[in-house]
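Engineer: Before I ask anything, let me first share the structure, which is written out below as structure tokens.
The values are calculated or read from the model by the stated rules, or taken from the named source; none is laboratory data. The structure presented is a predicted model; accordingly, all values stated were derived computationally and were not measured. Cβ placement follows ideal geometry from the backbone for every residue including glycine, while neighbour counts extend to all protein chains displayed.
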Amino acid sequence: MADGRSRLGAAAFVAALSCACGGARATGTGGTTTAINTQAGGGTTSQVSSVDAGSGTQAASATDAGGVPEFAQPACTNPTPAQTATIQRAFAEGSGAFARADFGAAAQAFRRAYDACPSPELAFNVARAHGRNGDIDVALDYFGRALTPATPAQQREYIEGQVASLRAYQERLRSGIAQAPASNDALEQEGLTWFRRGLALFGRRQYPAAQLAFEQAHQYLRDHSPELFFNLAVVNERLNHFAQALEFYREYLSARRGTPEEPDILRRIRAVEQRQSQGP
């Protein structure tokens, strides 16, 4: 499942940490709100939530706007005041950087928070930022840390979808072409047969034949396979069909907004536009 179209909705980051500090409420940069509430029994809990850069909606309740529950309480119990301050400051910095699309800075800030208090919640934030920055191996590592036996089912589904998307992107970078998606639908299976035929022809550099195969696959798959848009874009670019390549790259981009692939697709679009402007 692509990150930009995920069921996570407005909850770009959700993290909670237990801390030994008095009741307070502070607002950090980038729309981040840190709420510290006193629990029964004398303990306190600090819950950190943030605003999605695209929606402006705060994720502070037990369930976000997309119906995905927050993570369970992390294992970081009774941190020192210094740890609490570090986590809150780093979280605010990371959220602000993420809202500015400075994903490298966001990843560094969230990693400082994680180093101060390793927990699945903070690992999730690190993974999101590294994923958007294109650091695939690091993102996969931290998504793995975010999954625990206590992870709620919907959060697990989201994280597993992110991992699948990152691995698919990793394979596309390696091979230069998108691989066929999985499907159990009989009609889509026919389309996937043509899809795989196109992959084989592309691998043999038979680009006109690959184009025909991918176009035939499109008759069956239509909008059910964004990967097909990418492959049609690549083949048309190889054939110097720049207008068609741009059309398909933009179709693919619309399905990959807010994912690690977005900068790469934008770069490809600019490169094709430049070649197109130079003429034959």
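Engineer: Could we say that Ile159 is assigned by TED's automatic domain parsing to the domain that holds Ala139, assigned to a helix (DSSP H, G or I) and in contact with a helix residue (DSSP H, G or I) (Cβ under 6 Å, 6 or more places away or on another chain) here? Steps first, please.
Structural biologist: Details: assigned by TED's automatic domain parsing to the domain that holds Ala139: yes; assigned to a helix (DSSP H, G or I): yes; in contact with a helix residue (DSSP H, G or I) (Cβ under 6 Å, 6 or more places away or on another chain): yes.
Considered against the rule, which asks whether it is assigned by TED's automatic domain parsing to the domain that holds Ala139, assigned to a helix (DSSP H, G or I) and in contact with a helix residue (DSSP H, G or I) (Cβ under 6 Å, 6 or more places away or on another chain), Ile159 comes out as yes.
Engineer: I'd like to know if the range 171-184 contains one or more residues that are among the basic types (Lys, Arg), on the phi < 0 side of the Ramachandran plot and modelled with pLDDT of 90 or more.
Structural biologist: no
Engineer: May I ask you to verify whether Glu171 is out of contact with any Asp or Glu (no Cβ under 7 Å at 6 or more places or on another chain), in contact (Cβ under 8 Å) with a residue 40 or more places away in the chain, part of a helix (DSSP H, G or I) and more than 19 Å from Ser254 (Cα to Cα)? If you could, list the steps in order and put the result at the bottom.
Structural biologist: On the way: out of contact with any Asp or Glu (no Cβ under 7 Å at 6 or more places or on another chain): yes; in contact (Cβ under 8 Å) with a residue 40 or more places away in the chain: no; part of a helix (DSSP H, G or I): yes; more than 19 Å from Ser254 (Cα to Cα): yes.
So Glu171 does not fit the description; no.
Engineer: Sticking with this structure for a sec: Can you tell me how many residues in the range 208-227 are within 20 Å of the chain's Cα centre (by Cα) and more than 18 Å from Tyr249 (Cβ to Cβ)? Before the answer, list the steps.
Structural biologist: Let us first name the residues in the range 208-227 that are within 20 Å of the chain's Cα centre (by Cα), namely 224-227.
Now drop any that are not more than 18 Å from Tyr249 (Cβ to Cβ), which leaves 224.
So the count comes out to 1.
Engineer: Show me the helices (runs of 4 or more DSSP H) found entirely inside the range 216-280 where at least 2 residues are closer than 19 Å to Gln206 by Cα. First the steps, then the outcome.
Structural biologist: Values: elements: 226-238, 242-255, 262-278.
Fully inside the range 216-280 and qualifying: 226-238, 242-255.
Engineer: Right, another one. Of all residues in the range 126-182 being basic (Lys, Arg) and within 11 Å of the chain's Cα centre (by Cα), which is surrounded by the most Cβ atoms within 10 Å (Cβ to Cβ)? Lay out the reasoning, then the answer.
Structural biologist: Just the residues of the range 126-182 that are basic (Lys, Arg), to begin with: 128, 132, 145, 156, 167, 172, 174.
With the extra rule that they be within 11 Å of the chain's Cα centre (by Cα), the set shrinks to 128, 132.
Numbers: Arg128: 26, Arg132: 23.
Going through the qualifying residues, I end up with Arg128.
Engineer: Considering only residues that are out of contact with any Leu (no Cβ under 6 Å at 6 or more places or on another chain) and crowded, with 18+ Cβ neighbours inside 10 Å, which ones fall in the range 243-257? Full working, then the answer.
Structural biologist: Just the residues of the range 243-257 that are out of contact with any Leu (no Cβ under 6 Å at 6 or more places or on another chain), to begin with: 243-247, 249-257.
Result: Ala245, Leu246, Tyr249, Tyr252, Leu253, Ala255, Arg256.
Engineer: Still on this structure, please answer the following. Go through the range 136-159 and report how many residues are more than 19 Å from Ala106 (Cβ to Cβ), among the aliphatic types (A, V, I, L, M) and at pLDDT below 90. So that I can check it myself, show each step before the final result.
Structural biologist: Looking only at the range 136-159, we keep the residues that are more than 19 Å from Ala106 (Cβ to Cβ), and these are 144, 147-157.
From what is left, the residues that are among the aliphatic types (A, V, I, L, M) are 147, 150, 153.
Still in the list and also at pLDDT below 90: 150, 153.
Residues in the range 136-159 being more than 19 Å from Ala106 (Cβ to Cβ), among the aliphatic types (A, V, I, L, M) and at pLDDT below 90: 2 in total.
Engineer: Let me ask another. Anything in the range 228-259 that is more than 19 Å from Ala213 (Cα to Cα) and under 21 Å from the mean Cα position of the chain (by Cα)? List them, or say none.
Structural biologist: Answer for the range 228-259, where residues must be more than 19 Å from Ala213 (Cα to Cα) and under 21 Å from the mean Cα position of the chain (by Cα): Arg250, Leu253, Ser254, Ala255, Arg256, Arg257, Gly258, Thr259.
Engineer: For the range 106-136, how many residues are farther than 21 Å from Arg257 by Cβ and either assigned by TED's automatic domain parsing to the domain that holds Gly258 or not in a loop (DSSP other than H, G, I, E, B) (or both)? Break it down into steps so the answer makes sense when it comes.
Structural biologist: Start the filter on the range 106-136 by keeping residues that are farther than 21 Å from Arg257 by Cβ, which leaves 108-123, 126.
Right, trim to either assigned by TED's automatic domain parsing to the domain that holds Gly258 or not in a loop (DSSP other than H, G, I, E, B) (or both) and you get 108-116, 120-123, 126.
Adding up the residues that qualify gives 14.
Engineer: Can you confirm whether Leu228 is touching a residue at least 40 places away in the same chain (Cβ under 8 Å), surrounded by 16 or more Cβ atoms within 10 Å (Cβ to Cβ) and of a type in the set (A, V, I, L, M)?
Structural biologist: Details: touching a residue at least 40 places away in the same chain (Cβ under 8 Å): yes; surrounded by 16 or more Cβ atoms within 10 Å (Cβ to Cβ): yes; of a type in the set (A, V, I, L, M): yes.
Yes, satisfied.
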